[in-house]
Amino acid sequence: MSTPVTPVMDPATTLDEPPREPRRFGAVLALARFETRELFLQIPILFFLVLYIGLAAWGLLNGEDGMADYPILHRTDRDTQPGPLLTAIALLVCVNAAALRARKNGTVHQFDVLAMEPWRRTVAHVLSVVPFVVLTALVVTVEFTGQALKPGAIGHGSIGELAVGPLTVLLAGVVGVLLARLVPSPFAPMLFVVAAYLLVMVASSVEAEGVWVGRLSPVLFSENSGGDPVPSDLLGRPAAWHAIYLVGLCALVICSALLLSGGRTLGVKVATALAVATTAAGAIGQIPQDTAALEAARETASTAPQKVQSCTTIDGSTYCSFPEWTVVRDDWAEVVARVRSAAGGTAADARLTVRQRIDTSGGIEVDSTLTPSDTPGEVTVGTRWGGNRVPEFAVGAATVLVTGTEDDGEGMCDARPVTIMWLVLGTDPTPWATFRTLRLDDSTSGSGVVLSPTNPLSLSEEQTAVVSELLSRPRAEVTAKVKAHWAELTSPHTSTAQAAKLLGVAVPEGAEPCE
């Protein structure tokens, strides 16, 4: 007869003893990994992730209006913020659905027999959002770094601005968890998204009007209006405080979800208090400080830019810019040298002053027309460079070489517009393409308007015909005639018909002298 063997229990483990904390944490991580894998398999999240990454790659390779080689970095950092929004919305909806899966399947009561408390399952759902935050941060980093490494990059970025995209994704994910605990309904996320959209639009509008409360929105669309950039110190954006505010808000939402799930431990209560303090500090830090000084700085930059600019002399001409734009002065000098090489008389050796200008009278980063300068020899250049801005600047430089000032370049119906256009196009590597892009109608025939940094240049049908005829002739031949007859071609008393004769091209019909 065999003697029964009584199993020996480990004194460190009993049936009534709860699992050790490391095992509990491991279970939370295992559940988080499972929920993350499920989220990556959701079609809305996959679709918007692929779309977001594709758009980021496209923006990295193709700049605005052909200005890919000259990104404004203190605008590029803000341009990374709207992209993650669609991914954030999809994540909010899918995380909410994952947190409500047991309720939907009717298995909520079965969780009561599990060792994992409800608040720990909430922690797992929160942790399932983290990989998407990391992925967004990686895309933002690659997107910004790719722009910053370009030789023509202008200015500098802000870590606070770059953090907004990933923090927005985190906020959306944890809000999905909170809604599942607060309002366990599948319709709650969509109602929340609609309400949040309306609040963001209201916040963007009131912030544009100077009401600081609008800054409490995670992303402000009014800040990316697409107008002319301004120096970063004129933006008045408390980016660091805004990032702190978002961090506190994310922590507050997480702690609220844990408290609603029964996680009323001392650590959660302390974390909640810290989250409230951080959120409040971030919100208070965004209250505008010394707005009068900021407005005065903006006015000075608009009306007296020479007070806040530095200058460099290249080949006899002076190039003045705001500090962040010193990198493009050599590019301005190349355009001036190219245009001046086709000029005659004293203009061939003219010493110009290229002055960078902005206009903040109607707000910052809005589309505005710069008034022509009446200072002799001064050429205006804007804060965007590359693409069409290069030939437009060439038009401004040629106008000053021909007329003396930008202000004298308005309303010309004589030979001078023909001379100006030859200085620009006769030295351009792709004259016909440039001629087309310079005109508002994208045409090379008929009357039209030619863009410049200040007031546009008007071309009559006859002047356009003469310019087109000149472009079909050998450059060296036309340039020699322009230099030989420089005095006549830059006189307001020389008609378009006389200019055609001087340059050896057919006189177009209707080319009558100016009245």
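The values are calculated or read from the model by the stated rules, or taken from the named source; none is laboratory data. Everything numeric here is computed off the predicted structure, so don't read it as measured data. All Cβ positions, even for glycine, are placed from backbone atoms using ideal geometry, and neighbour counts span all protein chains on display. Remember, those area values only see protein heavy atoms, side chains included, never the ligands or the DNA or RNA. Shrake-Rupley method; radii C 1.70, N 1.55, O 1.52, S 1.80 Å.
List of remarks:
- Here the contact order of the range 420-502, divided by its residue count and restricted to Cα pairs under 8 Å and six or more residues apart, works out to 20 percent.
- Only the Cβ atoms of Lys and Arg (+1) and of Asp and Glu (-1) were treated as charged; on that basis the dipole of the chain about its Cα centre amounts to roughly 2380 debye.
- In the chain, the longest principal axis of the Cα atoms and the axis of helix 164-182 are about 30 degrees apart.
- Cβ-based charge dipole, the chain, positive-most Cα from Pro453, Leu470, Val507: Pro453
- Working note: 222 nm ellipticity from helices only, DSSP H runs with n ≥ 4, each -39,500 (n - 2.57), summed and divided by the residues of the chain, gives -16500 deg cm²/dmol to the nearest 500.
- Residue-normalised accessible area of the chain, given per residue in Å² at a 1.4 Å probe: 48 Å²
- Here the accessible area is traced with a 1.4 Å probe on the protein chains. For the chain, carbon and sulfur cover 63 percent of it.
- Distant-in-sequence amide H partners of Ala163 (H built 1.01 Å from N, under 5 Å): none
- In Å², nearest 10: area of Val268 left accessible to a 1.4 Å probe: 10 Å²
- Lys501, Lys269, ranked by accessible area, largest first (probe 1.4 Å): Lys501, Lys269
- Percentage, to the nearest whole number, of Cα pairs in the chain over 33 Å apart: 55 percent
- Over the chain, relative contact order from alpha-carbon pairs under 8 Å, at least 6 apart, %: 12 percent
- Between the listed residues Val402, Tyr245, Ser317, the Cα displaced farthest toward the positive end of the dipole of the chain, a dipole computed from Cβ unit charges relative to the Cα centre, is found at Tyr245.
- Reachable lysines, given that their alpha-carbon falls under 24 Å from the alpha-carbon of Lys501 and they are not under 8 places away in the same chain: Lys481, Lys483
- With DNA, RNA and ligands ignored, accessible area of Glu469 (1.4 Å probe; Å², nearest 10): 70 Å²
- The value given for the range 290-341 is a Kirkwood hydrodynamic radius of 12.5 Å, derived from the mean inverse Cα-Cα separation.
- Phi-derived couplings, Karplus 6.51 cos²θ - 1.76 cosθ + 1.60 at θ = phi - 60°, listed residue by residue for the range 89-100: 5, 4, 5, 4, 5, 6, 5, 4, 5, 5, 5, 9 Hz, with x used for Gly and Pro.
- Positive-end extreme of charge dipole, the chain - chosen from Val336, Gln356, Val230 (charges on Cβ): Val230
- Arg264 exposes around 150 Å² of accessible area when a 1.4 Å probe is run over every protein chain in place.
- Using Cβ point charges alone (K and R +1, D and E -1), the dipole size of the range 297-402 about the Cα centre works out to roughly 120 debye.
- By average C-beta atoms within 10 angstrom, highest first, the peptides 87-95, 348-356, 384-392: 87-95, 384-392, 348-356
- The angle between the Cα long axis of helix 130-148 and the longest principal axis of the Cα atoms of the chain comes to about 20 degrees, rounded to the nearest 10.
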